[in-house]
Amino acid sequence: MIPTNTSGLRRYMEKDERIAVMQVFSDLCDQAKSVIGSSPYTHTELDFRPVAEKLSSGEPEDAWENLKVAVAHCGKCKLCSTRNHTVFGEGVIHPLVMVVGEGPGAEEDASGRPFVGRAGQYLDKWLASIGLSRETNVFIGNIVKCRPPENRVPEPDEIAACIPYVRKQIELLQPKLLLLSGSTAAHALLERVEGVGKLRNQTFDYHGIPTVVTYHPAGVLRNPEYRRPVWEDMKRIAQILGLPILGKS
Ligand code: URA
């Protein structure tokens, strides 16, 4: 285990040893920073320890696993104090499609899994209509990894704290297509301000990855008039990726 402060080290180490250990610690900080894009220890150094310990464990560097550890122990914003579980996302590595939603709701917070409530079941149906599923060729994630209280929209500081994680996920997963579900995901990743109605029907380029915007399944459940546009968006995705259109189930 790596001591995380110099007074702790002073008790049982000579000066040279302390300097060597602090050098290792500082190198690990740099490595952790390169894994998640920013330092995770804004609250206390303890938030950082699991990452540093994992990096120092002698296992081969595994950026994806390190990212999971960083998210699981994250304390970068106030949502960490009300969450039950972080929701890292789930699905396959190097998927055809990566779906990005807004943030966990009650069921997701309780289970630690993304899109498992009613909206999630609906999303699974959309995906199945063009031969996609989180079991075989999709990864599903969110802009924020912790549930905002009462399912409110994540606040700008929460998005700013969390967005390096989803950006890193996209970079590591390299999906063939990004599907941004709802305005929070579209605004945060594309840095646009228009509504989904304006942003859908276009194919954006997110760091070389074709990117499509559609409505959020929770919004479609509340507004059935969005069902047809979503179906059009699914068909357009199928066309871009050369997938069969299996039809609505
Ligand atoms: N809504 C989201 O945006 N994400 C989830 O994981 C669940 C509901």
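The values are calculated or read from the model by the stated rules, or taken from the named source; none is laboratory data. Model, not experiment: these values are computed from the prediction. Don't worry about glycine lacking a Cβ; one is built from the backbone with ideal geometry, like all the others, and counts go over all protein chains shown. SASA here: full protein model, heavy atoms, side chains in, ligands and nucleic acids out. Shrake-Rupley method; radii C 1.70, N 1.55, O 1.52, S 1.80 Å.
Rolled with a 1.4 Å probe across the full set of protein chains, the surface gives residue 94 an accessible area near 120 Å². Taking the 1.4 Å solvent-accessible surface of the range 128-207 as the whole, the part contributed by carbon and sulfur is 51%.
Kindly flag which residue pairs out of 198/235; 145/235; 76/168; 68/235 have an alpha-carbon separation exceeding 27 Å in this structure.
145/235; 68/235
Dipole size of the range 55-134 about its Cα centre, with +1 on Lys/Arg Cβ and -1 on Asp/Glu Cβ: approximately 320 debye, rounded to the nearest 20.
Entry note, the range 85-130: relative contact order of 39 percent, from Cα contacts under 8 Å with a spacing of 6+ residues. Here the average projected area of the convex hull drawn through the C-alpha atoms of the range 78-202 stands at 7.4 nm².
For the range 130-196, the relative contact order works out to 28 percent when only alpha carbon pairs closer than 8 Å and six or more residues apart are counted. The listed residues 220, 153, 69, once ranked by accessible area (1.4 Å probe) with the largest placed first, stand as 153, 69, 220.
Note on the range 89-145: Kirkwood hydrodynamic radius from all Cα pairs is 11.2 Å, rounded to one decimal. For the range 65-147, report the accessible area per residue in Å² (1.4 Å probe, heavy atoms, rounded to an integer). On a per-residue basis, the range 65-147 sits at 36 Å². Packing, as the average of other Cβ atoms within 10 Å across residues, places the peptides 134-141, 226-233 in the order 134-141, 226-233, highest first.
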